[in-house]
Structure formats: structure tokens, C-alpha cells
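For reference, the structure is listed below as C-alpha cells.
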Amino acid sequence: MKILVPVKRVPDPTQKAKVKDGHIDLTGAPWIVNTFDEYAVETALRLLENGAENARLPGSEIIVVSLGPDDAAKEVRTCLAMGADRAIHVVTSDAEIDSLVVVKVLSAIVAAEKPDVVIMGKQAVDGDANQVGQMLAAKLGWPQATFAATIELAADKASFTVGREVDGGVEYKKVPLHSVITVDLRIVAPRAVKNGVTPESHNYSGEGARLPSLKGIMAAKKKPMVQTKLADYGAAAAPAIKELSVALPPPRAAGQIVPDIATLVKKLAEEAKVL
Amino acid sequence: MGNVLAFCEFTGAQLRSSALANLSFARLAAAAHGGEVIALLVGAGAAAAGPEAAKYAPKVVVVDAPSLAHYLAETFAPVVAEVARAQGASLISATATAIGKDLAPRVAGLLDAGMASDISKLAGKDTFVRPVLAGNAYSTVQVSTPIIVVTPRQSEFEAAAPLGSAGTVTTAAPGNVDALGAEFIRLDAQKSDRPELSDAKVVVSGGRGMKNGENFKVLEQLADLLGAAMGASRAATDAGMVPADWQVGQTGKIVAPNLYFAVAISGAIQHLAGMKGSKTIVAINKNKDEPIFQVADYGVVQEWEKAVPELISEIKKLKASR
Ligand SMILES: Cc1cc2nc3c(=O)[nH]c(=O)nc-3n(C[C@H](O)[C@H](O)[C@H](O)COP(=O)(O)OP(=O)(O)OC[C@H]3O[C@@H](n4cnc5c(N)ncnc54)[C@H](O)[C@@H]3O)c2cc1C
Ligand SMILES: Nc1ncnc2c1ncn2[C@@H]1O[C@H](COP(=O)(O)O)[C@@H](O)[C@H]1O
């Protein structure tokens, strides 16, 4: 099975947001692989390996694709170090692209690479758009299973049953091969991904995506990464969505620590008038 | 000039609260677009909710067919796109619910429409304000495609009030319904008699410090006393203490109640992203240095084992005294 995983690099979300000249100031920002995309790489690996034997299944391939500036190559390399096999880095600046441009490029890459399935994050944690997976599925005319918390590959390897966290419960949806699956946080839980090969008794750590091993980091240096540009896919640097400005939200008025519960209830009733 | 197509979710003959928020957004947008609000109801049995929707929108389009029995993005998105074309819509909106977030970008993909997700404000015909970076910043974006798709945040728009006179209801055929091989298998529903988390006036949330699901019972007592919805941090939902759909935060529900209790929650930015808009925030935590106290209006530095039972009895006392 061949899996395509689109990944985006994002500024480390634990850093405080700064605004300069009406836009987010990213000078000197530390960058990471978007958490959900890291989870998507983890998901692809779990689908294509025997976890208990720590071995990849024959005939399996994971390709990561990223649109981003030159130095995003570092985050792409991290995905290779985790275990992806090769990478396509479409070199562009973040100002030149929006969801529609990303989707145009990704759909051209899907047409050329013919993966069996696309697995990706549900959202990039910088823009928080939560759009690209669904738009890509629409463009390809493929089914979609968004917000996957569990994935089970069918015995005949021709479909996936995806557990989706929706309002009011968990929905189970079956999608055939040639679908787009976007993953949610709980996909990295110990038994969230079932591929029919890794024994049921095998427990993944559940602490998130795997960290690249030293061996993985060494191997990644030799894995193929091709650099391409928007024009190679007939895409232009013409985003339809323009950011006019960014502002930080007004800080909340300072609160107070109250000494005991009796005081709290009194204040909630008389001062805040919410009881 | 163009109309605003508002995709509305319903249960039986009733519109969901998320739909009412969408309709109030759609009224603002229709004024900016110089067009009309058209409410769209899709699904098997949608016709039943037509009269209710007509109380809120001058025009209602119903697409009701047995083949649309379960929501699937694959079958619903082409219906929305087709109605949008037929009705001359320049803006399509769907509240940012689990369905709205799954459906709206697929509709945008079908129409080559630019999309603004999770918007908190309409700033002009094609200009919207939306949170980015887990709500740590607000971005004003302009979308330049002929048709625009948006998902308004329920917590940012009031429920629409009924119109003076009811609108008209028309039906449209679903066209060729093709799920592209996708299948709805089942919904493992979480039944609850409590209000919906997304529009509750009071929310009681617990975190990892609650230690296990059994301990949440005391929070549920507090919630029931206040008519509140239950929420939780990711650490609590991940640990299986409580259902996943209780999660509040960047990747869970966004809530903005009048009163939010954060009990044994540290206040990670991803959690704050989901509740910072609450009017009054109360934090109960044993560690005074936790970031939750920086957003709390009232903080109590205590163990929940002591604080919550006391809170319940004090509120009961207060209620009895009224
Ligand atoms: C991409 C991404 C998305 C995320 N999305 C979300 C999200 O949507 N929502 C979310 O909540 N998190 C989210 N998280 C996780 C988030 O970063 C935190 O890990 C999580 O919110 C922590 O939950 P917590 O506060 O319950 O646990 P902890 O941080 O472990 O805090 C537990 C708290 O309990 C207190 N405590 C312990 N015992 C007691 C006691 N007896 N009495 C009183 N207090 C006690 C402790 O002092 C501590 O403050 C996300 C993370 C990532 C990476
Ligand atoms: N620049 C990009 N390069 C590659 N993949 C991307 C890019 N932007 C978004 N994606 C993918 O689309 C998903 C959803 O992103 P978004 O719709 O921007 O929130 C991400 O988790 C990635 O998998």
C-alpha cells in the first residue's frame, strides 16, 4: 500500500504570539511539524508495519509532501526520520499559498503518484483552517473520513472503518481505498490504528507520535527528497484569501483569588451576578 | 448582489441551536451582500422542519430524500453546491459544528470557493474576522472568489429571533445521490439530559486532576444543580475518564457560557482556546501557579475533594435562601 501524507511546518504553538506591522511576527520563531501531521505520519506507519516486530510490511511506501519555504526541508526531514520513505518539497513562501493553491498542488501530486490513500492532519495549528483535506477530497472526487480517532483496515485491505468524534458521540464510517482521511488527536492512542498484522496485544505508547530514532535520523539523510515549485503543477502564487491584519485579543481583566468557597459563592451571586 | 445560503441542522421538526446562530450570521451577511437569506434543510425527513425554518428565513429550500438518510459529506456537499448555484448564492454558511466542519470545505472544493473557517465576526461583504493560533490572535481575512464559504462559530452569534411573518418553503430534488463508496455504519451516541455543551449557559469542566471517571460524579452533581453542561480537558477525555465529545478546546468544543468552572485543569493554551470567551471563569486548582488562574475571574486554591462538595452545599444554601 502506498500512502501520501501532506505535512505543514508551523511555528511552535507554545510560543507567545507577537504582532508586528499588523501581522504575526515570526522572526526567530522555532518551527515544528504540525502536530496533527506528525500524527498522520504515525498513523501511516502503524498501518504499514508490524508494530510488534518493529518491521515495515513489504510493498509499502509512505511519501510526505510539503509546501513551504526552503528551510521547511528540516521539518520534512523529521518525517523521513520517523520512517517515511521519500519526500516532495514544493518550495514556496507561505504568503504565496492558501488552501485552494495547496489543494491544486496536492491533487496534481495525487494524480502523478497514485497513492492508495491520503492521510493527513485535520488542521494546521497555525491557521486553524481545517479545510485542505475536505477540499482535496472534493477536487479528487474521493470520499473523505475526517477527524479520525480510530482506523481499522479491512481484512481484504480494500477499505477502512474510521471512528470519527462528532457532536454527540462517535460515528463509524467506512471508506474505500482512494479516500482522504484526516486524523484527530486520539489517533495516537495505543490501539487506535488496526492493520490486521500488528497483533491486538501490541500496545503503542500512546504518548503521541514516535520520536525519530538515531538510526532513523541517519537513514533520513539518505532518503530521497525532491524539490519542486508551484509552476510544476500548473499552480500560481495567487491566493484567493488575503490576510488584511492580525490583532491580539484584548487581555482579560485581572481576576482575584478568593480565600474560600463561601466567599466564592457570595461573589458569584452578588458581584458577577451569575448564580 | 447575491443571496446567502445558510445550511441548517435540525432534529425532527426543530432547528438545532447551531442553526439559529447561523441564521443570525446569515442576516448580517445578506444585508452586506444585498440579497436574501435562504435556509437550506437537507436530509431524509427534512420537510418536517420546513415550517420551523420559515419562521426565521424569508425563503427555505428543502431537499428531502430517503437516499439522504444519514449525513455523509459525499452526498450532502453536491446538494449544497447545486442549491447554491440554483439560488444565486454568493455566500454559503454552515455553523462550525462537527457536520459543518466536515461539509463546508468539501462544498468549497466543489465550487472552487475560498473559505474562511470558524469566523467570529463579519467585517464586510467578503471580509471576516477569525481566530488563529489557538485563539491567541484574530486575523481579518478577505476572500476574493465569486462564491465564498464560511463556518461561523456558534458561540459568537446570538440565536436568531423569529421574523414578523413566515417565509416560503420550496423543495428541490437531490439529483444523483452518489456516496462514492463511503458508508455510514453507526453512531455510538452519548445520551445526556444535560444542555448541549456548545450553547449551555453554565459549563462545569474537569481535568486530569479528577483522577478517574468515578470522581466526575461530584462535578455532575454540581452541573445538575446549575442546569449546566459537562466539559473536560483533553487529558481527562484521553484517559477515558469521560466521553470524548466533552472535550473543550482548540480541537474540541468552543464554548462561551456565562459561567465556566475549570476544576483540576492546568490551563494549557489549547484548553484556553475553547473557553476564554466565557463571561465569568472560576478555577479550582490545588496549585496556585497554574496558568488557569491567569484567565480566571475567581480562583480558589484548594483540592477539589474539599472545594466541590462545599460549593454544592453553599449553592444549595443560596438557593434555599431565595
Ligand atoms: C495539537 C494539540 C491540541 C490540543 N487540544 C486540546 C483541547 O482541545 N483541549 C484540551 O483541554 N487540551 C488540548 N490539548 C492538550 C493540552 O496541551 C493539555 O495537555 C491538556 O489540556 C491538559 O489537561 P489538564 O489540564 O486536565 O491536565 P494537566 O495539565 O495535567 O493538569 C491537571 C491539573 O490538575 C490539578 N490538580 C491535580 N490534583 C488536584 C486536586 N486534587 N485538586 C485540585 N486540582 C488538582 C493540577 O494542579 C493541574 O493543574 C491539545 C494538545 C495538542 C498538542
Ligand atoms: N503548506 C502545506 N503543505 C502540505 N500540506 C499542507 C499545507 N497546508 C495544509 N496542509 C495539509 O492540510 C491539513 C489541514 O490544514 P488546514 O486546512 O490548513 O488546517 C494539514 O494538517 C496538512 O496535512
Open item on the list: For region B:45-60, give me each residue that is touching a Ser or Thr at 6+ places or on another chain (Cβ under 8 Å) and open to solvent by 10 Å² or more (accessible area, probe 1.4 Å).
Closed with: B:Ala47, B:Pro58, B:Lys59
TODO: Please work out if B:Pro257 is more than 15 Å from ligand 1 (Cβ to nearest atom), touching a strand residue (DSSP E or B) at 6+ places or on another chain (Cβ under 8 Å), part of a loop (DSSP other than H, G, I, E, B) and within 12 Å of chain A (Cβ to nearest Cβ).
DONE: yes
TODO: Consider B:Gln250 carefully, then state whether it is in contact with an Asp or Glu (Cβ under 8 Å, 6 or more places away or on another chain), touching a residue at least 60 places away in the same chain (Cβ under 8 Å), within 16 Å of ligand 2 (Cβ to nearest atom) and open to solvent by 10 Å² or more (accessible area, probe 1.4 Å).
DONE: yes
TODO: Evaluate region B:146-162: report whether one residue or more is within 16 Å of ligand 1 (Cβ to nearest atom) and open to solvent by less than 10 Å² (accessible area, probe 1.4 Å).
DONE: no
Open item on the list: Can you say whether A:Pro212 is in contact (Cβ under 8 Å) with a residue 24 or more places away in the chain and surrounded by 18 or more Cβ atoms within 10 Å (Cβ to Cβ), as far as the supplied structure shows?
Closed with: yes
Open item on the list: Against the definition (closer than 27 Å to A:Lys174 by Cβ, at pLDDT 95 or above, of a type in the set (D, E, K, R) and touching a strand residue (DSSP E or B) at 6+ places or on another chain (Cβ under 8 Å)), how does A:Arg86 come out, yes or no?
Closed with: no
Task: Of all residues making up region B:275-307, the number that are open to solvent by less than 40 Å² (accessible area, probe 1.4 Å) and facing another protein chain (nearest Cβ under 9 Å) - done: 14
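Restricting to region B:171-205, count the residues that are of a type in the set (Ser, Thr, Tyr), open to solvent by 50 Å² or more (accessible area, probe 1.4 Å) and facing chain A (nearest Cβ under 9 Å). Show your work before the answer.
Looking only at region B:171-205, we keep the residues that are of a type in the set (Ser, Thr, Tyr), and these are B:171, B:192, B:198, B:205.
With the extra rule that they be open to solvent by 50 Å² or more (accessible area, probe 1.4 Å), the set shrinks to B:171, B:192.
If we keep only those that are facing chain A (nearest Cβ under 9 Å) as well, we get B:192.
Total meeting the criteria: 1.
For region A:166-275, please list each of the strands (runs of 3 or more DSSP E) lying entirely inside it that holds at least 2 residues being modelled with pLDDT under 95 and facing another protein chain (nearest Cβ under 7 Å). Quick ask: steps written out before the conclusion?
Working: elements: A:169-176, A:180-183, A:225-229, A:241-247.
Per the criteria, A:169-176.
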- [ ] Read through the list (1) in a helix (DSSP H, G or I); (2) touching a Ser or Thr at 6+ places or on another chain (Cβ under 8 Å), then give the number of the only condition that A:Glu152 fails.
- [x] (1)
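Here are some residues: B:Ala113, B:Ala98, B:Ala104. Which one is out of contact with any Gly (no Cβ under 7 Å at 6 or more places or on another chain), at the interface with chain A (Cβ under 7 Å from one of its Cβ atoms) and of a type outside the set (Asp, Glu)?
Working: B:Ala113 fails: at the interface with chain A (Cβ under 7 Å from one of its Cβ atoms); B:Ala104 fails: at the interface with chain A (Cβ under 7 Å from one of its Cβ atoms).
The unique qualifying residue is B:Ala98.
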Task: Among the candidates B:Ala296, B:Ala262, B:Ala256, B:Ala268, residue that is away from ligand 2 (no atom under 16 Å from the Cβ), farther than 15 Å from B:Ser233 by Cβ and in contact (Cβ under 8 Å) with a residue 24 or more places away in the chain - done: B:Ala256
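Within region A:98-120, track down each residue that is touching a Pro at 6+ places or on another chain (Cβ under 8 Å), closer than 21 Å to A:Ser159 by Cα and either within 16 Å of ligand 1 (Cβ to nearest atom) or part of a helix (DSSP H, G or I) (or both).
Quick first cut of region A:98-120, residues touching a Pro at 6+ places or on another chain (Cβ under 8 Å) only: A:98-102, A:106, A:118, A:120.
Of the ones still in play, those that are also closer than 21 Å to A:Ser159 by Cα are A:118, A:120.
Matches in region A:98-120: A:Met120 only.
Can you spot a residue in region A:69-81 that is of a type in the set (Ser, Thr, Tyr) and modelled with pLDDT under 95? Give the steps one after another, and end with the answer.
Taking region A:69-81 as the starting set, the residues that turn out to be of a type in the set (Ser, Thr, Tyr) are A:78.
Those left that are additionally modelled with pLDDT under 95: none.
The answer is no, given that none of the residues of region A:69-81 is of a type in the set (Ser, Thr, Tyr) and modelled with pLDDT under 95.
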Open item on the list: If I filter region A:125-137 for residues that are part of a strand (DSSP E or B), under 15 Å from the mean Cα position of the chain (by Cα) and either surrounded by fewer than 23 Cβ atoms within 10 Å (Cβ to Cβ) or within 9 Å of ligand 2 (Cβ to nearest atom) (or both), do I get at least one hit?
Closed with: no
Open item on the list: Any residue at all in region A:64-76 that's outside any strand (DSSP E or B) and within 26 Å of A:Thr161 (Cα to Cα)?
Closed with: no
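Take the residues of region B:205-242 that are of a type in the set (D, E, K, R) and in a helix (DSSP H, G or I): which is nearest to ligand 2 (Cβ to nearest atom)?
First, the residues of region B:205-242 that are of a type in the set (D, E, K, R): B:208, B:211, B:214, B:217, B:220, B:224, B:234, B:238.
Right, trim to in a helix (DSSP H, G or I) and you get B:208, B:217, B:220, B:224, B:234, B:238.
Details: B:Arg208: 26, B:Lys217: 37, B:Glu220: 34, B:Asp224: 37, B:Arg234: 18, B:Asp238: 20 Å.
Going through the qualifying residues, I end up with B:Arg234.
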Task: Verdict on A:Gly168 being over 23 Å from A:Leu48 (Cβ atoms) and more than 12 Å from ligand 2 (Cβ to nearest atom) - done: yes
TODO: Considering only region B:61-92, state which residues are within 13 Å of another protein chain (Cβ to nearest Cβ), open to solvent by 10 Å² or more (accessible area, probe 1.4 Å) and either among the small types (Gly, Ala, Ser) or in contact with a Phe, Trp or Tyr (Cβ under 8 Å, 6 or more places away or on another chain) (or both).
DONE: B:His70, B:Tyr71, B:Leu72
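When you go through A:Leu136, A:Leu80 one by one, which is the residue that is more than 14 Å from every other protein chain (Cβ to nearest Cβ) and among the hydrophobic types (A, V, I, L, M, F, W, C)? Give the steps one after another, and end with the answer.
Working: A:Leu136 fails: more than 14 Å from every other protein chain (Cβ to nearest Cβ).
Every option except A:Leu80 fails the conditions.
The values are calculated or read from the model by the stated rules, or taken from the named source; none is laboratory data. Not measured: the values here are computed from a predicted model. Reconstructed Cβ throughout: ideal geometry from the backbone, glycine too, with neighbour counts over all protein chains shown. To get the accessible areas, we keep the full protein, side chains included, count just its heavy atoms, and leave off ligands, DNA and RNA. Shrake-Rupley method; radii C 1.70, N 1.55, O 1.52, S 1.80 Å.
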